[in-house]
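Taking it in order: structure first as C-alpha cells, then the write-up.
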Amino acid sequence: MPESSSASAHKPLSDQVMIQMEGVHKWYGAFHVLKNINLTIRKSERIVICGPSGSGKSTTIRCINRLEEYQRGRIMVDGQELSNDVKQIEQVRREVGMVFQHFNLFPHLTVLENCALAPIWVRKLPRKQAEAMAMQYLERVKIPEQARKYPGQLSGGQQQRVAIARSLCMSPKIMLFDEPTSALDPEMIKEVLDTMIGLAEDGMTMICVTHEMGFAKTVAHRVIFMDSGEIIEEKPPEEFFTHPESERTKLFLSQILHN
Amino acid sequence: MAESHTPHPDLPPPVSTIGVPGWLRRNLFSSPLNIALTILAAYLLYIAIPPLLRWVFWDAHWRGDSRADCPADGGACWVFIRVHFEQFMYGFYPDEQRWRVKTALAVLILSAAPLFIRSVPGKIKMRLGLGLLAVYPVIAFVLFKGGVLGLPAVDTSKWGGLLLTLVIAGVGMTAALPLGVLLALGRRSQLPAIQTLCVTFIEFWRGVPLITVLFMSSVMLPLFLPAGVSFDKLLRALIGITLFQAAYMAEVVRGGLQAIPKGQIEAAAALGLGYWKTMGLIVLPQALKLVIPGIVNTFIALFKDTSLVLIIGLFDLMNIVHNATTNPDWLGFSTEGYVFTATVYWLFCFSMSRYSQSLEKRLHTGHKR
C-alpha cells in the first residue's frame, strides 16, 4: 500500500454526523459487555476498532444496525434514533451494510441472486434492474465471471468480495465490517482489503473491526482500542501506533505487532 | 520455483480396485466374514426365489372370471384381483360416473407433468405448482362430489378404494406440510403466546395415537355438535389425519430450522429483510431442502396410515380389499389380496422415495456456506 494515501492525505471531513452513540450499555444476563460507549462518526469517516477478543468490538458495531439490543443509552444513525419498532429498525438496516467474518452468503442462491435479492425484495426494484446493478457491483469487486456460480464453489476471498458487493447493492450510507479477513487464508486477505480500500477512496463511511494494522494505518481516520467493554483509547492512526497513552494499549500493540 | 516443477504423471490404479472385479471384491468378498455372508445370502436367495416366482408367475392363474378358474394347485389366483379390480380402484363409486374420477386423474397428470420435466423454466413451474395447489382441489372436488354443473351427486360414503386412499393422502400431504411449517416457525417464535400455543398443539397431537384421533373424530365429535348438524365422516377423518401429521411435520421442519446457522438470519436482517421474507427466502428454502428425507418419511408414513380409516368404516384400498376377501364367493384368496395391496402401497411409497432422492441431488448447490 503506497504511503501517499496515508492518513495525512485524507480529505477534510464534513461536519455531518452519521452515527452517534451516547452512553450505550449492554448486558448479556449479568455480564456487562458494553460499558458506556460514546462515539461520534462523521460522514465519510473511516474508523478501525481493535482490541483483544471478548472486548466488545463486534458487539459495538452490531448495536449500530440493531443486530444486538442494548439496555441503556441511545444510538442515532443518519439522524434516526434506534427504537424497538421493527419497521424502523428495518429502515435503518437498509442504509447500513454489514460484512461478516464468515461471509454469511446464502448458499442456496447464486452469486447474482445473493446480490439482487435485497434490492428486489426490500427496495422493490424490478428484477432486471436489480440484476444489472448486481453485475455492476460484482464487476467492481472484480468477480463478474462468477455471477452464475453458487457461493460454495468460490474461495473464501471471493465469497467475502461477493458479500461486500451484496451489501453495496443496497446503496448503503454506512458500511460495517466485522473482522472481514479473520476467516481468510493469508493470500486472500489482500484481495478483500484492496476492495475495502477502493470503497474508502470513494468516500464510504466505514467502521471496521479488524486486526489488520496495515489497513488501519493507511485507511483509518481514527483507531479505537477497546478492552473489556470500554473504549480505552481513540486516536488518529499515526499517533495511536507511535504514542499510545494507556499501558493496556501498549501491551496489546506490542503483542500484535510482534506477530 | 513453480515453473520448473513437473508433477509426476498419474499411474493407472491396480486392476483389482476398479470395474466389476473391484466392485465384487469391495462389496462381497472383502473379508472372510463377508465371504461367508455372501455365500449364505446366495443360498437363502436360492431356496426362496424359485418357489416365490412359481407362485407369483409360472403356476399362477390369470384368465377366467370365477373361482372355478383357480384350482388349488399352489399358484396365485390373480383372477380374484382382476374381477375386483374396478372395485379396488373406485370403491362403491357408481359405475357410470367413474369417468369423472378418470377425468380428474387425467387433468392431474397433464397439468403436473411439466413440473417433472427439467427443461421447463422454474418460473413457469412455480406458477403451475401454485395454480395446481389452489385450483386443482376445487376441480377434483367438484368432479368427485358432483351435485353442481349437472353432475349427479356422489356421496363421500361411496368413495372408496385407491381413489379414497389417494384423496386422503393427497389432502393430508398438501395440508400437513404448510401447517407443519407454520407450527415449526411458531415453536421457535420469540412471542411467548404463539410459542406456547404451538408447543401445546404439537405435543397434544403427537401424544395420541392416530387410531384414537380417528375414533374420536367419528364417535365423540358428533356428541359435541348440536343435534341435526352432521359433519361429513370423510371430512372429519381428513381433518384428524391432517392435524396429526402436521404435528410430526412441524418437528421435522424444526430440525431443519435449527440446522441453519444464525449468520444466515443475521445477514438477511442486515440487508433489511423482515421476518417473513427472511424465513421465506432464506431460511425455509435451505431448511426444507435439508429435511427432504424427513418430510418424505412423514409423507410415506401418512400414505400408509390412511389405511387406518378402515376402523371408522371408510373403504380405502386396504379395507375394500379386505372386504372382498370375506366375500363368500371368493373365500381363501386373502394372500393374493394383501400381496396386491402391499404392491400398490409399495409402488407409491417407493416412487416418493426415489423422487425425493432425485430432488435432493438436483437442489444440491455445492459445499455448505
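Summary table below
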item	result
Kirkwood Rh, angstrom, segment B:55-126 [1 / mean 1/r, Cα pairs]	15.7
Pairwise label distance in nanometres, B:TRP55 with A:TRP27, each label 7 Å out on the Cα-Cβ vector	7.3
Most mobile of B:PHE201, B:PHE231, B:PHE299 in a GNM of chain B (Cα contacts under 10 Å)	B:PHE231
Kyte-Doolittle mean at least 1.6, axial Cα span of 27 Å or more - DSSP H helices of chain B	B:32-53, B:161-187
Loop trypsin sites (Lys or Arg not before Pro), segment B:1-91, which have at most 16 other Cβ atoms in a 10 Å radius of their Cβ (DSSP)	B:ARG63
Cα-Cα separations in chain B greater than 31 Å, expressed as whole percent	55
Relative exposure of A:HIS243, B:HIS5, B:HIS364, B:HIS322, judged by other C-beta atoms within 10 Å (fewest first)	B:HIS5, A:HIS243, B:HIS364, B:HIS322
Chain A: angle of helix A:186-201 to the longest principal axis, Cα-based, in degrees nearest 10	90
Rounded to the nearest 20 debye, dipole of the protein assembly as shown from Cβ charges on Lys, Arg, Asp, Glu	1020
In nm, spacing of pseudo-spin labels at B:MET126 and B:HIS8 (7 Å Cα→C-beta vector)	5.2
Extreme residue, positive dipole direction of the protein assembly as shown, given options A:PRO119, B:VAL283, B:GLY75 (C-beta unit charges)	B:GLY75
Fewest-first ranking of B:LEU317, B:LEU310, using other Cβ atoms within 10 Å as the exposure measure	B:LEU310, B:LEU317
Two-decimal log10 I(q)/I(0) for the protein assembly as shown, as the Debye equation yields it once each C-alpha is a single scatterer, q = 0.05, 0.06, 0.10 Å⁻¹	-0.38, -0.53, -1.03
Estimated inter-spin distance, B:ILE139 and A:GLN71, nm [label 7 Å along Cα→Cβ]	6.0
Point-charge dipole on Cβ atoms (K/R +1, D/E -1) for chain B, about Cα centre, debye to 20	1220
Ratio of Rg to Rh over chain A (Cα coordinates, Kirkwood Rh, two decimals)	0.96
Efficiency of FRET between B:ASP73 and B:ASN34 - r from beta-carbon atoms, R0 30 angstrom, step 0.05	0.15
Those Cys residues of chain B for which no other cysteine Cβ falls under 4.7 Å	B:CYS198, B:CYS349
Tilt relative to chain A, helix A:111-121 - C-alpha long axis, 0 to 90 degrees, to 10	90
Approximate shape of segment A:133-239 as ellipsoid semi-axes (Cα gyration tensor, √5λ), whole Å, largest first	27, 15, 12
Mean shadow area of segment B:154-363, taken as a quarter of the surface of its Cα convex hull (nm²)	15.1
Per-residue Cβ neighbour rank within 10 angstrom, fewest leading, A:LEU105, B:LEU235	B:LEU235, A:LEU105
For segment B:94-143, radius of gyration divided by Kirkwood radius, i.e. Rg to Rh on alpha-carbons	1.08
Gain in span if fully extended, B:GLU96 to B:ASP155, counting 0.36 nm per residue against the direct Cα distance	19.8 nm
Candidates B:GLN190, B:GLN245, B:GLN87, ranked by Gaussian network fluctuation over chain B, Cα under 10 Å, top entry	B:GLN190
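No value in this document is a laboratory result; all are computed from the given coordinates. Quick caveat: nothing in here was measured; it's all calculated off a predicted structure. Please note: Cβ atoms are built from the backbone with ideal geometry, for glycine as well, and neighbour counts cover all protein chains shown.
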